[in-house]
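Everything below concerns the one structure shown next.
The values are calculated or read from the model by the stated rules, or taken from the named source; none is laboratory data. Note that the structure is a prediction, hence the values are computed from the model and not measured. Positions of Cβ are backbone-derived with ideal geometry, glycine not excepted, and every protein chain shown enters the neighbour counts. Side chains included, ligands, DNA and RNA excluded: accessible areas come from the protein's heavy atoms. Shrake-Rupley method; radii C 1.70, N 1.55, O 1.52, S 1.80 Å.
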Amino acid sequence: MIPIHPMRVLITGGAGYIGSVLTPTLLALGHEVTVLDNFLFRQSSLLDCCQYPHFQIVRGDCRDEAVMKPLVAKADLIVPLAALVGAPMCNQDTVAAQTTNLDAVNLICRLAGKGQWIVMPITNSGYGIGEKDKHCTEDTPMRPISLYGVTKVKAEDVVLQRENSVSFRLATVFGMSPRMRMDLLVNDFVYRAVHDRAVVVFEGHFKRNYVHIRDVARLFVYAIDHFEKMKGKPYNAGLEEANLSKTELCAVIKNHLPSFVYLEAPIGEDPDKRDYIVSNARLASTGFRMEWGLDRGIQELIKGYTILRNCVYSNV
Ligand SMILES: NC(=O)c1ccc[n+]([C@@H]2O[C@H](COP(=O)([O-])OP(=O)(O)OC[C@H]3O[C@@H](n4cnc5c(N)ncnc54)[C@H](O)[C@@H]3O)[C@@H](O)[C@H]2O)c1
């Protein structure tokens, strides 16, 4: 299908977990996509995209002005996904976290002309510890705790200060991607439920919010199609019906895998202290509807984990 106005889209970090679903989605719709990625995980997740003549790939670093300048110059829309993602990874290399998550976004904003569009995801972990039973809206002050949260919230400030930008404050993403991430909460718990049949949960009552990766890809497409009405604002993006605690999430997984056992013990702490309920009303008011609930995503993950197994040092 060729869209009425095919866009020239530059995605940094487009070979990552989200990018590996978003990139083929945009290509299939007829958009011209250039991905800039340093292939940090040696991932081969975009091989299936190479069939498209309107797909370009650049191996490089999003922090390198010489690389970025010509790429930004020919884009109508820039989607900065390149980042060190998650608090543990940022804490391992705090300098790279700052330069990749924040300085590289500053660079894009400096290089981009006023008329060029930027649509960027940040994390709703920026809400930190929420107030009991009170929904976080986009007007709730962001109080990120980890370096990851701080760099993402600052990057959003930079992006929203310019014209023609949209930010999505994503809930924890779940679902299968050609560059799989099993460190994400739902993906992790379902993997354990499929292969270990058990999980020990810490901070089990902490409430989190979830969104499926295919809905995230649909959301970017929606932003392209409704840009004029959406620009200039941040949008929370998560499943309205899935403001669930970790233990409640385990119960949903158990509905699909009845032999799954989950126990609670104080074996860890979330570096982001994520415990909040989120309102997604602003996004819903634009007309966007999620299509992937938790049950549908868990069924997908169970199939995916029949294929994927972390068993390099095992005979079976
Ligand atoms: N997955 C989630 O739950 C979630 C939630 C909220 C926001 N986000 C945001 O979405 C974006 C993508 O996240 P993801 O889950 O796909 O993570 P990911 O780690 O799979 O993707 C990051 C990509 O960036 C690339 N990259 C890293 N450093 C780079 C550099 N210096 N130059 C070029 N490429 C580089 C990596 O190779 C990878 O392909 C991030 O900005 C993240 O903060 C993700």
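Please find, among 289, 296, the residue that is under 30 Å from residue 165 (Cα atoms), open to solvent by 60 Å² or more (accessible area, probe 1.4 Å) and modelled with pLDDT of 95 or more.
289
If I ask for residues that are within 19 Å of residue 301 (Cβ to Cβ) and either assigned to a loop (DSSP other than H, G, I, E, B) or open to solvent by 40 Å² or more (accessible area, probe 1.4 Å) (or both), which ones from the range 252-283 would you list?
Selection gives 254, 255, 256, 257, 258, 259, 260, 261, 262.
Among (1) touching a strand residue (DSSP E or B) at 6+ places or on another chain (Cβ under 8 Å); (2) crowded, with 19+ Cβ neighbours inside 10 Å, which single condition is residue 135 missing?
Only one criterion is unmet by residue 135, namely (2).
Quick one: what pairs do we get from the range 4-21, first residue hydrophobic (A, V, I, L, M, F, W, C), second near the ligand (Cβ under 6 Å from one of its atoms) and assigned to a loop (DSSP other than H, G, I, E, B), C-beta under 8 Å, 6+ apart or different chains?
Short answer, once both residue conditions are applied: 11/81; 15/39; 15/179; 18/81.
From the list 48, 37, exactly one residue is out of contact with any strand residue (DSSP E or B) (no Cβ under 9 Å at 6 or more places or on another chain) and either touching a residue at least 12 places away in the same chain (Cβ under 8 Å) or open to solvent by 10 Å² or more (accessible area, probe 1.4 Å) (or both). Which is it?
When all the criteria are applied, what remains is 48.
Just name the residue that is modelled with the lowest pLDDT out of those in the range 227-271 that are of a type in the set (Gly, Ala, Ser) and more than 16 Å from residue 207 (Cβ to Cβ).
Among residues in the range 227-271 that are of a type in the set (Gly, Ala, Ser) and more than 16 Å from residue 207 (Cβ to Cβ), the one modelled with the lowest pLDDT is 268.
Looking for something of a type in the set (S, T, N, Q) and within 28 Å of residue 295 (Cβ to Cβ) - is there at least one such residue anywhere in the range 144-165?
Within the range 144-165, not a single residue is of a type in the set (S, T, N, Q) and within 28 Å of residue 295 (Cβ to Cβ).
Of the residues 84, 77, 27, 47, which single one is farther than 16 Å from residue 213 by Cβ, out of contact with any Lys or Arg (no Cβ under 6 Å at 6 or more places or on another chain) and within 12 Å of the ligand (Cβ to nearest atom)?
Every option except 84 fails the conditions.
Looking only at the range 128-158, count how many residues are over 15 Å from the mean Cα position of the chain (by Cα), touching a residue at least 60 places away in the same chain (Cβ under 8 Å) and within 20 Å of residue 230 (Cβ to Cβ).
Of the residues in that region, 3 qualify.
If you take the residues of the range 200-218 that are open to solvent by 10 Å² or more (accessible area, probe 1.4 Å) and more than 15 Å from the chain's Cα centre (by Cα), which of them is nearest to residue 172 (Cα to Cα)?
Filtering first and then ranking leaves 207.
Of the conditions (1) outside any loop (DSSP other than H, G, I, E, B); (2) at pLDDT below 95; (3) not acidic (Asp, Glu), residue 1 clears all except one; give me its number.
Evaluating residue 1 over (1) outside any loop (DSSP other than H, G, I, E, B); (2) at pLDDT below 95; (3) not acidic (Asp, Glu) leaves (1) as the failure.
State all residues of the range 111-126 that are under 21 Å from the mean Cα position of the chain (by Cα) and either more than 12 Å from the ligand (Cβ to nearest atom) or open to solvent by 40 Å² or more (accessible area, probe 1.4 Å) (or both); if no residue qualifies, say none.
Once the filter is applied, which keeps residues that are under 21 Å from the mean Cα position of the chain (by Cα) and either more than 12 Å from the ligand (Cβ to nearest atom) or open to solvent by 40 Å² or more (accessible area, probe 1.4 Å) (or both), the range 111-126 yields 117, 118.
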